[in-house]
1. Note down all Cβ pairs under 6 Å where the first residue falls in the range 79-108 and is aliphatic (A, V, I, L, M) and crowded, with 24+ Cβ neighbours inside 10 Å, the second is modelled with pLDDT under 95 and in a loop (DSSP other than H, G, I, E, B), and they're at least six residues apart or on different chains.
2. Just wondering, is there one or more residues in the range 244-251 that are at pLDDT 95 or above, in a loop (DSSP other than H, G, I, E, B) and of a type in the set (A, V, I, L, M)?
3. Could you list, in sequence order, the residues of the range 272-305 that are on the phi < 0 side of the Ramachandran plot, surrounded by 24 or more Cβ atoms within 10 Å (Cβ to Cβ) and assigned to a loop (DSSP other than H, G, I, E, B)?
4. Out of L145, L109, report the one residue that is in contact with a Pro (Cβ under 7 Å, 6 or more places away or on another chain) and either closer than 27 Å to N217 by Cβ or at pLDDT below 95 (or both).
5. Exactly one condition in (1) out of contact with any strand residue (DSSP E or B) (no Cβ under 7 Å at 6 or more places or on another chain); (2) modelled with pLDDT under 90 is not met by G371; state its number.
6. If a residue must be over 18 Å from R257 (Cα atoms), of a type outside the set (A, V, I, L, M, F, W, C) and over 19 Å from the mean Cα position of the chain (by Cα), how many such residues does the range 274-304 contain?
7. Which one of these is surrounded by fewer than 23 Cβ atoms within 10 Å (Cβ to Cβ) and more than 24 Å from E107 (Cβ to Cβ): G418, G364, G407, G382?
8. Give all pairs with beta carbons closer than 6 Å in which a residue from the range 168-189 that is in contact (Cβ under 8 Å) with a residue 60 or more places away in the chain meets a residue that is of a type in the set (D, E) and in a helix (DSSP H, G or I); count only pairs at least 6 apart in sequence or on separate chains.
Amino acid sequence: MPYTLQPDEGYDLDIESTDYLKTHVDAPDRWVLNFGPQHPATHTTLRIILELDGERVVRATPHIGYLHSGFEKLGENHDYNQYVCTVSRMDYISPIVNDIAWHHACEILFDIDLTPRCKVVRTILAELGRLQNHLLCVGAAALDLGAFTGFIYGFNEREFIYDIMDYISGQRFHPDYTRVGGVMRDIPDDEVFRTMVRNFIDTRMPKTIKDLETLLNRNRIFIDRLQNVGVISHDDAIAWSLTGPLARASGVKRDLRKDEPYLCFKENWDGQGAEPVKFSVPIATDGDCLCRYLVRVEEMKQSMKIIDQLIDNIPKGPIDASPEGKVRLPAKGDVYGSIEATIQHFEIFMHNRGWDTPIGEAYGAIESPNGELGFYIVADGGRTPWRASTRPPSFIHFQALPKMLEGHMLADLVAVLGSLNIIAAELDR
């Protein structure tokens with residue numbers, strides 16, 4: 001393999017360049033093939049119209065619109081807390097990340113600063129979501145190329161992340177855990193939570209990553225199917241607005257956790273001079289499917305490093321920014337035992353009294369597993385947003401698929417599509 005990993009400070013793990021694939025097809029006889037939505041690699045939700053010269057792709061036209069979800073329109077009818085149940089369905093591979101991204105934008109709109117305890121908890125959960133997403137992406141990419149064992153390695157460990165989500169929220173798949181200024185409820189027991197997370201990042205994940213690397217990193221078939229396939233250059237990645245692992249695999253040095261820091265990635269995040277968590281951002285240069293795989297594997301190692309710095313140092317104190325205010329719901333126990341809390345609960349849900357909603361607009365984004373996940377909110381002072389628009393990485397990345405496929409063989413489509421990790425619910429939203 002021509003790839004070397006050299007740890008350094010900041011953006012560090014450079015992967016040596018190789019010659020880019022340069023294939024030009026100009027043949028008079030072409031035929032059209034529908035790839036998906038019934039193909040297993042398209043998960044019944046993606047359709048790609050291919051123009052082929054023999055088995056070589058001359059042109060690819062992605063089609064979306066097979067879920068008919070209307071998620072953004074629902075944002076105009078749900079309030080700022082209710083809508084979290086909808087956004088978690090967009091990237092359903094790591095729902096907790098969507099929850100955090102939505103309420104990050106809401107808190108910019110409301111000008112709310114989270115408590116140190118909430119910032120730590122959200123940061124840990126966001127990185128668990130990154131592990132959750134990358135495990136399935138790497139596993140499914142291996143499965144699409146015939147490596148069923150790799151899929152089992154990645155998929156099994158996700159169950160233990162579900163156990164953690166279930167413990168803190170009461171729901172395994174869609175935790176819907178965040179709220180404006182905080183979370184739906186505090187962690188039931190810090191020590192139990194710490195033990196669960198520690199067992200996962202210290203015992204289970206290192207073994208899983210080692211198994212995946214042993215199986216795939218020097219596997220001749222796996223390397224041949226990914227190397228020099230789906231290449232996109234540094235400049236093209238920027239021109240196509242790629243973010244996340246796709247951009248970093250092409251040498252684009254951008255990660256919102258460092259460039260536009262939030263939560264525990266900011267200086268003085270606890271208001272008492274705390275340093276941001278330390279981690280490195282893997283950067284590759286070849287821009288092919290193999291680099292995207294290598295970047296995601298290294299990002300999982302860095303996520304474990306981030307969690308390791310925080311899990312033993314969860315601050316005490318309130319987890320909600322304004323537990324006595326009118327934006328946050330009162331504690332469930334207080335609703336049952338206090339007339340004031342009962343009135344506050346009633347006003348928020350039934351009369352929209354107390355919601356000090358501004359009139360204005362805000363955009364907030366975080367570094368999701370697939371790239372920049374942002375929400376643009378226009379507020380008119382009412383109970384619900386006037387407009388809630390999403391900047392989903394999958395929608396942006398899917399448009400670049402024809403550029404990556406041009407000149408490749410039909411069999412390469414599955415490898416390229418798997419490296420993009422397209423989540424269809426982010427397309428038709």
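1. Sorted first by the residue in the range 79-108, then by its partner, the pairs are V84/D176; I96/P175.
2. yes
3. Matches in the range 272-305: P282, I283, A284, D286, D288.
4. Every option except L109 fails the conditions.
5. Of the numbered conditions (1) out of contact with any strand residue (DSSP E or B) (no Cβ under 7 Å at 6 or more places or on another chain); (2) modelled with pLDDT under 90, the odd one out for G371 is (2).
6. Residues meeting the conditions: 4.
7. Result: G407 is the single residue among G418, G364, G407, G382 that is surrounded by fewer than 23 Cβ atoms within 10 Å (Cβ to Cβ) and more than 24 Å from E107 (Cβ to Cβ).
8. Y177/D99; T178/D99
The values are calculated or read from the model by the stated rules, or taken from the named source; none is laboratory data. Everything numeric here is computed off the predicted structure, so don't read it as measured data. Every residue, glycine as well, gets a Cβ built from its backbone with ideal geometry; the counts of neighbours run over all protein chains shown.
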